[in-house]
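Right, one structure below, let's go through it.
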Amino acid sequence: MKKILVTGALGQIGSELVMKLRNIYGDNNVVASSRSREGNADVIESGPFEIVDVTDGKQIVEAVRKHNVDSIIHLAAILSATGEEKPHLLWNVNMNGLYYVLEVARESKCAVFTPSSIAAFGPSTPKNKTPQDTIQRPNTIYGVSKVSGELLCDYYHEKFGVDTRGVRYPGLISYAALPGGGTTDYAVHIYYEALRSKKFTCNIKEGTKMDMMYMPDALDAVVQLMEANPDNLRHRNAFNITAMSFGPEEIYREIKKHIPEFEMDYKVDPIKQKIADSWPDSLDDSAAREEWGWNPKYDLTSMTIDMLEKLRRKLNL
Ligand code: NAD
Ligand code: SER
């Protein structure tokens, strides 16, 4: 990667990924983009920034040509919970957006990284140690878009030789930007409330395990996979990756070790619970480990120590 365009750059992942990529590849070589200028000022001001609505293919073409881009990190998307409220919007952004990105990549010979998700699995998928290659019959519009996206990226690689790569991210936990409408968002909000009000009402039921990951590992995955030797990649477009798997009561107990007065109760959101119940309990990420050396650094204990320290600083507590 030499000249990179990041779409959806002001979201949960983009806000941190752009800054990491600018550190590695140089400020002027990472073009951040979003559909508006609302969001993280550091991202907008520390290097080139373009308005790119991914549902308008022309705007992607113009940004790629203007900056001579060779790699597109495509993050613009609608996430699982918002998607169930607005399925038509999700389809337009997630599917047409990806299609336009792939078309521009084909014409301009760009590499493409697009994240898939644990949502690409469904109720009939094996729940424990979910294999890399297994049944994928998701029952959310978000999951349907993720499976379709995986297949479309495979197709563009096989048919047109586009260098497409991707991972199936689990729920991502971070302190820089808030999550953007997903089912795993509770695992971020719990840290804010543990510090601010010492009380948290969880919208996911006790015992609901989902894969999760701390943001520094999620960012490393992008760089590691995009810089990996293509000869070693058998599963280009959707590597299972995970760092930990827990239910709400486990993250609560871990935070309580540091904030003994912290209390949690439950008010389950039926839509989010149905989505969570359809996803795996834990992924098998051995293909990523074997093919490009995936090896996350953070577990629940070390993530909790770092999250609380960084959030205390951010919230001036
Ligand atoms: P996010 O919602 O925080 O950010 C996405 C950004 O895209 C937002 O800033 C939004 O304004 C922007 N956007 C929406 N519509 C757009 C459009 N038409 N044109 C341009 N920008 C638009 O999401 P994120 O958490 O940063 O996720 C990025 C990618 O990673 C998505 O594909 C998501 O499905 C995937 N993913 C995220 C997680 C997670 O836990 N965060 C887990 C699995 C997969
Ligand atoms: N964190 C994401 C969501 O909950 C998983 O793709 O939608």
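Cβ-Cβ distances below 9 Å connect the following pairs, each with a first residue in segment 91-109 that is aromatic (Phe, Trp, Tyr), a second residue that is within 16 Å of ligand 2 (Cβ to nearest atom), and a separation of six or more residues or different chains: 91/78; 91/83; 91/141; 91/144; 91/145. Hey, does segment 58-74 have a residue that's of a type in the set (A, V, I, L, M) and surrounded by fewer than 18 Cβ atoms within 10 Å (Cβ to Cβ)? There is at least one residue in segment 58-74 that is of a type in the set (A, V, I, L, M) and surrounded by fewer than 18 Cβ atoms within 10 Å (Cβ to Cβ). Within segment 245-258, residues that are open to solvent by 40 Å² or more (accessible area, probe 1.4 Å) reach partners that are in a helix (DSSP H, G or I) with beta carbons closer than 9 Å, at six or more positions or on different chains, in the pairs 250/300; 256/194; 257/301; 257/304; 258/194; 258/304; 258/305; 258/308. Would a scan of segment 81-101 turn up a residue that is closer than 12 Å to residue 6 by Cα, more than 9 Å from ligand 1 (Cβ to nearest atom) and in a helix (DSSP H, G or I)? Within segment 81-101 (the criterion being closer than 12 Å to residue 6 by Cα, more than 9 Å from ligand 1 (Cβ to nearest atom) and in a helix (DSSP H, G or I)), the answer is yes, since at least one residue qualifies. The residues listed here are 147, 104, 112; of these, the one that is within 13 Å of ligand 1 (Cβ to nearest atom), β-branched (Val, Ile, Thr), touching a Cys at 6+ places or on another chain (Cβ under 9 Å) and open to solvent by less than 40 Å² (accessible area, probe 1.4 Å) is 112.
Give the residues of segment 61-80 that are within 24 Å of residue 169 (Cα to Cα) and in a helix (DSSP H, G or I), sorted by residue number. Spell out how you get there, then give the answer.
First, pick out the residues of segment 61-80 that are within 24 Å of residue 169 (Cα to Cα): 70-80.
Result: 80, single match.
Looking only at segment 1-19, residues that are open to solvent by 20 Å² or more (accessible area, probe 1.4 Å), assigned to a helix (DSSP H, G or I) and either within 15 Å of residue 72 (Cα to Cα) or in contact with a Lys or Arg (Cβ under 6 Å, 6 or more places away or on another chain) (or both) come to 0 in all.
Those residues that are on the phi > 0 side of the Ramachandran plot and open to solvent by 50 Å² or more (accessible area, probe 1.4 Å), I need them from segment 174-206; list them, please. Selection gives 198 alone.
Which count do you get for residues in segment 259-271 that are in contact (Cβ under 8 Å) with a residue 40 or more places away in the chain and open to solvent by 40 Å² or more (accessible area, probe 1.4 Å)? Even if it seems obvious, please write down each step before you answer.
First pass over segment 259-271, keeping only residues in contact (Cβ under 8 Å) with a residue 40 or more places away in the chain: 259, 261-269, 271.
Then drop every residue that is not open to solvent by 40 Å² or more (accessible area, probe 1.4 Å), which leaves 261, 263, 265-269, 271.
Qualifying residue count, segment 259-271: 8.
The set of residues from segment 85-121 being over 18 Å from the mean Cα position of the chain (by Cα) and under 16 Å from residue 275 (Cα atoms) comprises 85, 86, 87.
Mind checking whether some residue in segment 20-28 is open to solvent by 50 Å² or more (accessible area, probe 1.4 Å), acidic (Asp, Glu), out of contact with any strand residue (DSSP E or B) (no Cβ under 8 Å at 6 or more places or on another chain) and at pLDDT 95 or above? Full working, then the answer.
Filtering segment 20-28 down to residues open to solvent by 50 Å² or more (accessible area, probe 1.4 Å) leaves 20, 23-24, 27-28.
Filter once more, so that each one left must be acidic (Asp, Glu): 27.
If we keep only those that are out of contact with any strand residue (DSSP E or B) (no Cβ under 8 Å at 6 or more places or on another chain) as well, we get 27.
If we keep only those that are at pLDDT 95 or above too, we end up with 27.
Checked against the condition, which is being open to solvent by 50 Å² or more (accessible area, probe 1.4 Å), acidic (Asp, Glu), out of contact with any strand residue (DSSP E or B) (no Cβ under 8 Å at 6 or more places or on another chain) and at pLDDT 95 or above, segment 20-28 yields at least one hit.
The values are calculated or read from the model by the stated rules, or taken from the named source; none is laboratory data. For clarity, every value in this text was computed on a predicted model and none was experimentally measured. Cβ coordinates were reconstructed from backbone atoms using ideal geometry, including for glycine residues, and neighbour counts include every protein chain displayed. Only protein heavy atoms, including side chains, enter the accessible area calculation; ligands, DNA and RNA are left aside. Shrake-Rupley method; radii C 1.70, N 1.55, O 1.52, S 1.80 Å.
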